[in-house]
Structures are given as C-alpha cells and as structure tokens.
Amino acid sequence: MRTRQTITISLPPAMAEQVEKTMQAENRTRSELVREALRTYIAIRQFPEETPTPAELRAIRRGRAAYERGDYVTLDELRRREKAVAGSPRRARAKIS
C-alpha cells in the first residue's frame with residue numbers, strides 16, 4: 001500500500017527556476033519544498049476571516065484619516081529618531097527623599 005500519491009503540476013519557467021534555487025539553497029527535495037508550501041497555504045486558508053469590532057473600525061478610520069493628512073512617520077524617520085534618542089545622554093533623575 002502506497003503512503004504517497006504522485007501529482008503532476010506545471011509551473012511558469014520563472015517559478016520553476018525559483019523552486020530549483022530554493023531547493024539548492026535549502027538542500028531539500030522538490031517534494032519537500034512543495035509539501036511545505038501546500039501545508040502553509042492550507043493552514044492560512046483554514047482561518048476564518050475576522051470581522052473588526054466597532055472600536056477597531058473607528059481606529060482604522062482614524063488611522064486612514066491621519067495618513068491622508070500626512071500625519072505619520074516613515075520607518076526611516078522612526079529609525080533616525082531612535083538612534084538620536086539612544087545616542088543622547090540620559091537626564092539625571094531627581095532624588096526622592
């Protein structure tokens with residue numbers, strides 16, 4: 001009795017090339033790679049779609065409005081600010097007696 005079933009698929013050349021490169025980089029067989037990809041795909045699809053709560057919808061609307069106003073910080077800007085804060089001397093805390 002067989003424990004596996006063979007399935008034939010066709011891939012666009014670029015995707016087939018990606019599969020081959022990934023196989024070599026990860027030292028895995030094509031079957032292992034495709035099995036993992038299918039397991040991941042199926043697991044993701046099994047989760048039911050979430051419906052946001054009214055509070056979450058309000059937060060999403062506020063976030064979108066802030067973005068449209070230009071009220072946001074890019075990731076690069078956030079990193080620059082973090083570096084500036086990390087590099088600045090800390091203020092001494094007041095002693096409590």
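Each reported figure results from applying straightforward, stated rules to the coordinates on display, with no laboratory input. Model, not experiment: these values are computed from the prediction. Reconstructed Cβ throughout: ideal geometry from the backbone, glycine too, with neighbour counts over all protein chains shown.
When ARG28 is tested against (1) closer than 30 Å to THR8 by Cβ; (2) part of a helix (DSSP H, G or I); (3) of a type in the set (Lys, Arg), only condition (2) is not met. So ARG61 passes all but one of these: (1) surrounded by fewer than 10 Cβ atoms within 10 Å (Cβ to Cβ); (2) farther than 22 Å from ILE7 by Cα. Which condition number does it fail? The number of the failed condition is (1). Applying the selection to segment 16-48, what residues are surrounded by 11 or more Cβ atoms within 10 Å (Cβ to Cβ) and of a type in the set (A, V, I, L, M, F, W, C)? ALA16, VAL19, MET23, LEU33, VAL34, ALA37, LEU38 - these are the residues of segment 16-48 that are surrounded by 11 or more Cβ atoms within 10 Å (Cβ to Cβ) and of a type in the set (A, V, I, L, M, F, W, C).
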